[in-house]
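This report concerns only the one structure given below.
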Amino acid sequence: MVMNPAATQEVSNTSNEPSDKSLEAMRHFSETYAKNTETYFCVDLSVTAVVIKGLAKNKEELGSPLCPCRHYEDKEAEVKAAFWNCPCVPMRERKECHCMLFLTPDNDFAGKMQDISIAEVKAV
């Protein structure tokens, strides 16, 4: 019996890593949102990469990009409430990003980048 390697990889992906498709979707969303809101990624792009991975993982597991930087007693309930779904309410209302994904130019940790490559995201 011949197995389709791509199908095997998807079914047997038991690592804790999100799929390339989810990573790319969250990377693209993050770049677009930063540009639209005139915010910037953290000067340490590994912070940005970790957050994007967390968003992608939550999108796959929960169906929504729930903020990966908070502790939740019930993640499914939090997704339904939508308060912490990225971009969260504090970000949309006041440009306050707990994850340090979207930083205003006056933030000490803000870099000058609004782009990150998929290779940089995968490297962390």
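No lab work stands behind these numbers, since they all come straight from the coordinates. Bear in mind that the values here come from a model prediction, so they are computed numbers and not experimental data. Heads up, the Cβs are rebuilt from the backbone with ideal geometry, glycines too, and the neighbour counts pull from every protein chain shown.
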Query raised in the report: Residue check: is Leu23 out of contact with any Asp or Glu (no Cβ under 7 Å at 6 or more places or on another chain), surrounded by 19 or more Cβ atoms within 10 Å (Cβ to Cβ) and part of a loop (DSSP other than H, G, I, E, B)?
Result: no
Query raised in the report: Failed condition for Lys57, given (1) in contact with a Cys (Cβ under 6 Å, 6 or more places away or on another chain); (2) closer than 19 Å to Glu24 by Cα, with all others met?
Result: (1)
Query raised in the report: Can you pull out the residues in region 73-97 that are outside any helix (DSSP H, G or I) and surrounded by 15 or more Cβ atoms within 10 Å (Cβ to Cβ)?
Result: Trp84, Asn85, Cys86, Pro87, Cys88, Lys95, Cys97
Query raised in the report: Out of Glu31, Glu38, which single residue is in contact with a Ser or Thr (Cβ under 9 Å, 6 or more places away or on another chain) and in contact (Cβ under 8 Å) with a residue 60 or more places away in the chain?
Result: Glu38
